[in-house]
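As structure tokens, the structure follows; a few thoughts come after it.
The values are calculated or read from the model by the stated rules, or taken from the named source; none is laboratory data. Predicted model, so just to flag it, every value in this text is computed and none were measured. Cβ coordinates were reconstructed from backbone atoms using ideal geometry, including for glycine residues, and neighbour counts include every protein chain displayed. Side chains included, ligands, DNA and RNA excluded: accessible areas come from the protein's heavy atoms. Shrake-Rupley method; radii C 1.70, N 1.55, O 1.52, S 1.80 Å.
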Amino acid sequence: MFWISLLVFVVGTCIGSFLNVAIFRTHEGESMVTGRSKCRSCEFPIGVHDLVPVLSYLRLRGRCRSCKSVISWQYPAVEIVTGFLFVLCYLIVATQGADNLGLLFMMMYVLRYWVFVAYLVIIFVYDLRHMLIIDRFTIPAMIFAVIMNLWLGTVPAWSVLVGGLVLASFFWVQFLVSRGTWVGGGDIRMGALIGFMLGLEHGLVALFIAYVLGAIVGVAMMTSGKATRKTPVPFGSFLAVATVVVLFVGQPLIDWYLGLFL
Ligand SMILES: [Zn+2]
């Protein structure tokens with residue numbers, strides 16, 4: 001299991017590297033498949049040997065080979081985090097009695113986790129950088145989530161559909177009441193996505209966790225003088241983190257919480 005985990009980690013960092021490309025090129029309006037990677041500052045084309053996830057960044061000491069300008073630490077950070085999350089996904093499926101699943105279904109379960117996590121990482125980083133949750137990521141993620149959950153039966157069908165509807169409505173009502181000043185259209189789609197991925201019950205837990213996280217970070221930023229009440233909040237990033245948390249430990253978390261009162 002160790003060697004598979006290591007392999008999964010390496011694959012995860014490569015996917016993370018691709019997610020970085022997706023994030024930057026989407027923002028710049030560039031094509032995702034054509035065109036070579038180049039330095040963001042001097043446009044120097046990056047050779048294949050400098051595209052190795054994490055290791056290239058370390059060897060270049062975080063600077064461009066040509067102009068020595070600083071490369072964003074976002075690149076290795078996203079690669080490492082994606083690698084770790086991919087390993088977690090694999091371990092969860094491998095340890096949850098996957099023996100009786102059969103290899104094909106086990107791979108489908110892992111794939112479901114990986115794709116969910118990949119989209120959530122993109123949404124997290126993109127909202128953090130640009131304060132936007134864009135349809136280019138949420139819509140395909142929604143379609144994938146509905147198909148996978150219905151096909152694998154990981155979440156009951158009614159829960160997937162009602163979850164998407166309820167969580168989208170939660171933001172939609174805020175959108176109507178505030179005339180689009182509290183939340184944007186992206187939040188409504190994000191709500192639907194969370195419901196489709198997690199189902200109604202776990203989706204609501206994710207929503208709750210996102211607000212708790214947002215409150216903690218908000219208070220911390222305000223007391224340290226880094227933010228004021230007026231500072232815009234990348235709430236999509238909190239929602240993405242909360243969704244990953246519930247995806248991994250949703251049921252244990254609910255059991256623990258209920259255990260406090262019973
Ligand atoms: Zn450069």
Worksheet item: Looking at segment 58-80, which of its residues are hydrophobic (A, V, I, L, M, F, W, C) and either in a loop (DSSP other than H, G, I, E, B) or at pLDDT below 90 (or both)?
Response: 60, 64, 67, 71, 73
Item to complete: Tally the residues that are touching a Phe, Trp or Tyr at 6+ places or on another chain (Cβ under 6 Å) and closer than 30 Å to residue 94 by Cβ, restricting the search to segment 212-246.
Response: 3
Practice prompt. Please enumerate the residues belonging to segment 55-86 that are crowded, with 18+ Cβ neighbours inside 10 Å and more than 15 Å from the ligand (Cβ to nearest atom).
Written response: 76, 78, 79, 81, 82, 83, 85, 86
Item to complete: List every residue pair whose Cβ atoms sit under 8 Å apart, with the two residues 6 or more apart in sequence or on different chains, where the first one lies in segment 33-49 and is in the same structural domain as residue 72 (by TED's automatic domain parsing) and aliphatic (A, V, I, L, M) and the second, anywhere, is near the ligand (Cβ under 10 Å from one of its atoms) and open to solvent by less than 90 Å² (accessible area, probe 1.4 Å).
Response: 46/38; 46/39
Discussion item. So, residue 238, is that one at pLDDT 95 or above, closer than 27 Å to residue 111 by Cβ and of a type in the set (A, V, I, L, M, F, W, C) or not?
Written reply: yes
Item to complete: Any chance you could count how many residues in segment 222-248 are open to solvent by less than 60 Å² (accessible area, probe 1.4 Å) and either in contact with an Asp or Glu (Cβ under 7 Å, 6 or more places away or on another chain) or not hydroxyl-bearing (Ser, Thr, Tyr) (or both)?
Response: 15
Practice prompt. Give the residue that is nearest to the ligand (Cβ to nearest atom), with candidates limited to residues of segment 18-53 that are within 19 Å of the chain's Cα centre (by Cα) and open to solvent by 30 Å² or more (accessible area, probe 1.4 Å).
Written response: 21
